[in-house]
Amino acid sequence: MLIGYKRFCRSGVLTLLLGLGALLVTPLSAAASNPDPLLMAPSPDANYSLGSWMLIPQPLPIVKAELESGFAKNGWRGFQWRDDSAPLLAMEFYWGEVSLLHRPDIQKALSARAGERASPVFDRALAAGAISAEERAVYEQSIREQLGYDKETLQSQPFFAQRIARWSFFREKGWAKKTEKVTGLIMDVSPMLARSPMTLVWFAGWNTVTSTRFEWASCMTGVTCFLAPHFAKQADSKKYLDPKLLAYLEASAKKMQALPDEAAEPMLQGYRFAYRENNMFPGQKLLSESKAAPVRLSGSELPADLAPSELNDKRWNMVALPDGSVLISGNRVHRLVRETGQVRRIASLAELVSAQDLKVDQSGRVWSYSEAGEAGSHFMAWNPKTGATRSYPLPARISGRGRGVEWIVVPGQAIAFRNHDDLYTLEANGQWMHSVWNSRLRTEVSDSLDHVMPWLARTSDIGPHFGDGLFWQADRDVYGVDPRTAHVVSSLRIPSAKLVFGCHGAGWGLVLDRAYKAGVARIFDLKSGRLRFDVETSLANDTSSFARSAHGRLLALSSRSSNSVQVLDMHNEQPLAVLLAHEGYAIQATAFSWKGDQLWMYAKGRAGQAPRMMVWDVPASAIDPAQGAQLPDQLRCDYSEACR
C-alpha cells in the first residue's frame, strides 16, 4: 500500500493528513492485519510512523505474555519493553474521534455544549448577513455530527482522563554502518471501542545503512558555504521486517483470533475521519486528453505591437463582443475580427488607454479599470455600437487607494468593486452605492467551527471566478456575497481551497490541487460538493487560461508552457477536442464567442516569433450561445494566485 503523510499543528492539536505518497509498508496476511497502515507514536516523544496493525479480542496482559514468550522461544532476544500507560488524552490525537464514534452519549453531550456556544454567534451573523440561513443549517448539522474537539474541551469529560494500559517494545541490532530496528506497541483499546476485551497490536521495522564521505565545505542553509574539510555521514532507511518475525506475528495473530479486515476496519473508522481530506481521493471517472483527436490550427500572425511584451501589463486579457469580434487589452485596446478565415486588427482604441482589465456586461458594453496615477484610478465604459465612452472615478473616500481592487460585472447593475470590507455598486445614475461587509462576524463564525469543518481559505484574497455578479470567498465553505446588500446569498460545499473557475448556473467548478496530483484538473458538482470526474491533462500544470461557453456547456483550458488547448464537453463529460498551434508557441488566452460557435486563442511566439491568433469552429452539436445574463466567461492567469 503506498501512503504518504504530512504533519501540521492547528490550535495546539497535532493533525495529520493522509495523501498519496511513497512509504512502502510490509503488509501482513488478510487474517492478521489491516491492509491500510496506521500512524502511531512508538513512544511518547517519538514522531508518528506508519506501521501494520491488528485488533485482538483478548486482554492486554494475555497478548503481552504471548508476545514475550514467542520472542524468547524463537530466539529474538534483545527486545526491551516499556510501560507507556497514560491518560487517554496523552495518546495520539485521533483517539478522541475513534472514541466518540463508539460513545454516542459522550459525543451528544459535547456537541450540545458546542452548539450552545455557537448559537449566539450564528444569530448575530445571520442578522447581519455574514452567513446565510442555508449555511447556518449546515453548520448546526456539522456541530451535531462533530467528532473532533480540542484537548481543553475533551478534558471536561472524565472518560478522557482514564488511564489506558499501553506497552511499547523495541529492538535494534547491527553495527555502525548497518542496523535493523523493530518497534511496536500493544494498547488496551476496549474503552475507546466500547468492546471488551480488545487489544491493539502495532509494529514497524526499518533497515538503516550509514555511509561516510569526505566533504571539503560546510554550508549554512540559505546563507553561505565555507571551507571546512570533514567526514559527513548519511543514513538511508527503508521499511523492512524480518520475514521470520513477520511469519510469527501472523501465526500468533491467528492463534489469538485477531479480527479479520472487514471487522477491524470499521472499528477504527474514527481514525479515517481524523485524516479526512475528501478531495484527496481519485474520482470514479478519469478523462484523458489523449482520448480526443488533435486538431492543428495555423492561425493568423498578429502585428508586433500585440506581443505580450508590448501589451506591457501582466493583467491584460481577451474578451469577446456580441458582434463576433474580440478585444485585447494592454497599453491600448485592440479590436480583432475574423474575415474569410483570417484574423485582422480593425482598430486600436485610444478611448480605453491603459486598460488593465476588460469585462463585458449583458448589453455589450465594455468595462475597464485603470490605475492612472495615485489619484486617478477609474472605471471606463465603452459602447462598441456608438463608440461613446464614460469615465467613473473611484469614490472620493478611497481615491488614490484603489490599487488592485477586485471588481465584477453585476447583471442589470453595471459593475461593483470591493476595497477591503467596503463594497461599491454603480447605480444607473452614475453614483456609487456603498455597503460594508462584516468580516469580523464572519471570522467569529469560522472560529466557532474550528475542529468541526476544515479550513478552505486560499493563500490570497482572490476567490473563485464564476462571473455571476457575486464576490466569492472561502473559509469553512465557499460563499458568494451580493455587492448591493453585503450579505451572503449563496454557498458551496466544495472540499478544497483550490476552486478557481466554473459556471454557477451549470453547477460545476474546477479545482487545481497539485497536493493531490499534478497534471489533473478536478471537476466538482457545486450543489452536492461531490467530485464528478478528473481530467488528466498536462495543461493543469502552469495553467495560463480558462474559458467557458455561455451556459457552461464547454470548457477550454491552456498552459503557458504548451501549444495546445483542451476543450471539454461538460454536459456529456467527455473530451471534445485538443487544439494545437504551431510548435514553438504557447497559448496565453482563450475566449468563446457570444454565439458559442467559435473559440479564440492567443498564442505567444517563442524565440522572437510574432504572436498568432487562432479561431476554432465549434461543432454544431456543441454550440452554446449567450442568452440574457448567461454570457461566455474567461480567466487569464498571470503569475499571481488567481489560478493557484
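The values are calculated or read from the model by the stated rules, or taken from the named source; none is laboratory data. None of the values given here were measured: they were computed from a predicted structure. Here the Cβ positions follow ideal geometry from the backbone for every residue, glycine too, while neighbour counts run over all protein chains shown. The accessibility values were calculated without ligands, DNA or RNA, using every heavy atom of the protein model including side chains. Shrake-Rupley method; radii C 1.70, N 1.55, O 1.52, S 1.80 Å.
Numerical summary
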| quantity | calculated |
| --- | --- |
| Separation between Cα centres of the stretch 351-371 and the stretch 525-584, rounded to whole Å | 26 Å |
| The stretch 586-617: trypsin sites (Lys or Arg not before Pro) in DSSP coil with no more than 15 other Cβ atoms inside 10 Å | 606 |
| Apportionment of accessible area to carbon and sulfur, the stretch 498-546, percent (1.4 Å) | 45 percent |
| Accessible area of the chain divided out per residue, in Å², using a probe of 1.4 angstrom | 45 Å² |
| Within the stretch 167-216, trypsin sites (Lys or Arg not before Pro) in DSSP loop having at most 15 other beta-carbon neighbours inside 10 Å | 177, 195 |
| Cα centre as origin, Lys/Arg/Asp/Glu Cβ charges: the stretch 454-602 dipole, Debye | 240 debye |
| Anisotropy class of the stretch 149-264 from Cα gyration tensor, a/c 1.5 cut | oblate |
| Surface share of carbon and sulfur [accessible, 1.4 angstrom probe, percent] for the stretch 223-271 | 59 percent |
| Loop-located trypsin sites (Lys or Arg not before Pro) in the stretch 31-93, at most 15 other Cβ atoms within 10 Å (DSSP) | 77 |
| Förster radius 60 Å - calculated FRET efficiency between residue 79 and residue 134 (Cβ-Cβ, nearest 0.05) | 0.55 |
| Difference of contour (0.36 nm per residue) and Cα-Cα distance, residue 86 to residue 342 | 84.4 nm |
| Degrees, to the nearest 10: 243-255 long Cα axis against longest axis of the chain | 80 degrees |
| Principal-axis tilt of helix 60-73 within the chain, Cα atoms, nearest 10 degrees | 70 degrees |
| Estimated inter-spin distance, residue 582 and residue 113, nm [label 7 Å along Cα→Cβ] | 7.1 nm |
| Percent carbon-and-sulfur accessible area, the stretch 61-214, ignoring ligands, DNA and RNA, probe 1.4 Å | 52 percent |
| By average C-beta atoms within 10 angstrom, highest first, the peptides 580-588, 41-49 | 580-588, 41-49 |
| Residue-averaged 222 nm ellipticity for the chain, from DSSP H runs of 4+ at -39500 (n - 2.57), nearest 500 | -5000 deg cm²/dmol |
| FRET efficiency for residue 621 and residue 261, using Cβ-Cβ distance with R0 set to 51 Å, rounded to 0.05 | 0.60 |
